[in-house]
Structures are given as C-alpha cells and as structure tokens.
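K.L.:
I have a structure here, written as structure tokens, and I will follow up with some questions on it.
Just so you know, all these numbers are worked out from the coordinates, no wet-lab data involved. In this text, all values refer to a predicted model and were calculated from it rather than measured experimentally. Heads up, the Cβs are rebuilt from the backbone with ideal geometry, glycines too, and the neighbour counts pull from every protein chain shown.
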Amino acid sequence: MTLSDIRRILDAEVIAGNESLDREIGHAFAADLLSDVLAIARRGADGALLITGNITHQVIYTADVVDLGAILFVRGKRPSDSMIQLANQMQIPLLMTSYIMFETCGRLYEQGLKGCIEKAGDGSD
Amino acid sequence: MDQTERATPFHKIFRIEGGNFTHAGSISSRVKRVLKEAGFQSKVIRRMSIATFEAEMNVICYARHGTLTLFVFPDFLKVVVDDEGVGIKDVHQAMREGFSTADEKIRELGFGAGMGLSNIKNVTDKMVLTSEVNRGTHLEFMVNVHPVRNSCEALNPAGINLKCNPATGGTAEQHGIISNGVKDGAEK
C-alpha cells in the first residue's frame, strides 16, 4: 500500500513529505523504544513504516540510519517544528493519526500491511 | 597509536558531547552518509549505523565527552569509541539484555532499556568493551565488508591484536572482553 492509502485508512495528516505520498510501503512495525527499532531494523527494514508514539529527534535520526520509508505518529502526537525540519532535510515522510497504537496497527493489518518480522528470535538471530 | 591505526587507509573522527540530547543520533547519520558515499553494501552500512547509533547514545547518556572514530579497512569497517565518564562497573552485567542504569531523561528518548550493548554485539562481527569506573569506557566494534566464516581470519591480516587493549595497556581478559565469534567471548 502507498502512503496515500495509509493516510486514507487512518484519517492521517501528512506533516512532512507531501510529495512522497505515492511511495510504496511494503512492511511496518510499531515501537516506542528506539533500541527495539534498531534491533528489528537489523534484519532489514528498508522502506518500512515505523508506527510510534515517540516524538523525539532521535526517531528521525533512527529512521534515517536504517532507511525507513516513513514514520507514523499515533495518539495525535505532533512532532515539533525542528523535528519536521529534520525530516524534510532527510526526506523522511511524517504522518500523524489520532488513533491509538493498537487501532492504528489493527486497521493497517486488516488492509493487508504486514509486519517486518513476526517474532523476535526468528530468522538470523 | 597502535598498529591498527597506523595501518589505516582512511579514518574520520567525530567528537561527541555528553548530555547534548537534542542532536543525539546525528553522528550516526553522518557515519552512514560517509559509508554510503564510499559505496559499501547497504547491509554493511545498516549494521555499522545501528551499532554506531547505540554507541553514540551511550556517550551522550553516560559520559562528559568522547570521540568516535570510523576506520575503513579493505576487509572490514571499525569504529572506536573512547569516552570520559562514569564508566561501567561490570561489563558482563552491562552486556546482559535488560540491564540498565538509565534515568528518566534517557528513557523518554526511547533508550535506556538495557538493549544497547547487546544490540551492538548482535549486529557486529566483533566487539570489545573495556571500562574503568569514574574514568571512562573504550568500545570497539567491527563489521566485515566481505562475508567470512571466522571473523578472526579477517582481522588478523590487518594486525589487530585480539587480546590486548591499547587503551588501558592490560589484557582484555583483565578488563573484560566481549567478543563475537571468538573463543574468549564472555557471553553465553
């Protein structure tokens, strides 16, 4: 599905990366803990959507170093202007939805978006 | 300067200021760009970036200041991080997943869950950690550029002494060594 589909499904607001709405998102994962994001990304999260309630600059830097496709903030959490500026600079699209994390994941999954990995410790671990 | 650094074809030094949380992660972002421009495989870049990110966070969270140096060797990439700070009392305990001394501020940033060092160990081919309480911490990690069966085979031609730690002058065993894929690993 595309970022545009994700915006529609979650009634989301696009905060950065309006020009990238046709970007294809193949996988997603949800985490507030950035060490978890880094651990998951180790197995490959190129172009994935990160669903998070963590609104810090470190989320943007993390997304950059592991080549995430976009970040979706849940629970109506709005990133600061300097975060938005950083995301624009790094060309990382940012979306925001009022849905809570559980609802957000459920709705996307229902529409066919799958997780980057299913379980910790499978695959190359 | 030890043998490793003398033989280095390319290296880049980044200074890290402890407690400067706003741009925590920016050095990892720069390291990633350097590696990308150099044309390394995306998987190699990703592994280095992940480990660098965790290492950078550790300096910002627990040290007054530090340096992070990226070395590019023909067969592997290496990062050396030296900081002046609180140090680690027990490196074996610190390596255990879930062990953390992080305060609320660190946790608010989405770190401090006791995953950092084990993340570094998991994404790299070799990791060495030594520390002295109230002095500082020395961390090295390496990622092989070309897949090899045994990481020692890739490291030895470059003259790296697996046992001796140049930062403290003592043996790695005395100070605590954590390594992957070599027999003196402390984990498991």
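K.L.:
What is the distance in Å between the Cα centres of the stretch A:73-118 and the stretch A:1-53?
P.N.:
6 Å
K.L.:
Quantify how strongly other chains surround peptide B:105-117 by giving the mean number of their Cβ atoms within 10 Å of each of its Cβ atoms.
P.N.:
For this peptide, the per-residue mean of nearby foreign Cβ atoms is 4.
K.L.:
Something else now. Simple spin-label model, 7 Å along Cα-to-Cβ: B:R96 to A:A120 in nm?
P.N.:
About 1.6 nm, to one decimal.
K.L.:
What does the extension gain come out to for A:S4 and A:S20, with contour length at 0.36 nm per residue minus their alpha carbon separation?
P.N.:
Result for the pair: 4.9 nm of gain on full extension.
K.L.:
Okay, next question. For chain A, set up a GNM with springs between Cα atoms under 10 Å and report which of A:S82, A:S20, A:S98 has the largest fluctuation.
P.N.:
In this elastic network of chain A, the residue with the biggest mean-square fluctuation among A:S82, A:S20, A:S98 is A:S82.
K.L.:
Let me ask something else. From Cα pairs below 8 angstrom and at least 6 apart in sequence, can you work out the relative contact order of the stretch B:1-103, rounded to a whole percent?
P.N.:
Relative contact order comes out at 32 percent.
K.L.:
So for chain A, averaging the separation of alpha carbon pairs under 8 Å that are six or more residues apart and normalising by length, what relative contact order in percent results?
P.N.:
Relative contact order here is 31 percent.
K.L.:
Calculate one ³J(HN,Hα) per residue across the stretch B:118-128 by plugging θ = phi - 60° into the Karplus curve 6.51 cos²θ - 1.76 cosθ + 1.60, and present them in order as whole Hz with x for glycine and proline.
P.N.:
Coupling constants for the stretch B:118-128: 6, 4, 4, 4, 5, 9, 10, 8, 8, 9, 10 Hz.
K.L.:
Return the Rg/Rh ratio of the stretch A:3-111 with Cα-based radii and a Kirkwood Rh.
P.N.:
Answer for the stretch A:3-111: 0.91.
K.L.:
Okay, moving on. What nm value, rounded to one decimal, do you get for the distance between B:H11 and B:K43 when each label is placed 7 Å out toward the C-beta?
P.N.:
2.8 nm
K.L.:
Can you tell me which of B:29-40, A:47-58, B:49-60 comes out highest on packing, and rank the rest after it, using the mean Cβ neighbours within 10 Å?
P.N.:
B:49-60, A:47-58, B:29-40
K.L.:
Moving to a separate point now. Among A:F102, A:F73, A:F29, which one moves the most in a GNM of chain A with springs linking Cα atoms closer than 10 Å?
P.N.:
Highest fluctuation among the options: A:F102.
K.L.:
Multiply the residue gap between B:K105 and B:N134 by 0.36 nm, knock off their C-alpha separation, and tell me the result in nm, one decimal place.
P.N.:
Difference between extended and current length: 8.4 nm.
K.L.:
Now, a different point. Determine, from the Cβ-Cβ distance of B:V34 and A:N88 and an R0 of 22 Å, the FRET efficiency 1/(1 + (r/R0)^6), rounded to the nearest 0.05.
P.N.:
Numbers: r = 22 Å, r/R0 = 0.99.
With a Förster radius of 22 Å, E is 0.50.
K.L.:
Among B:S42, B:S28, what is the fewest-to-most ranking by other Cβ atoms within 10 Å?
P.N.:
Details: B:S42 12, B:S28 29.
Listed from fewest to most nearby Cβ atoms, that is B:S42, B:S28.
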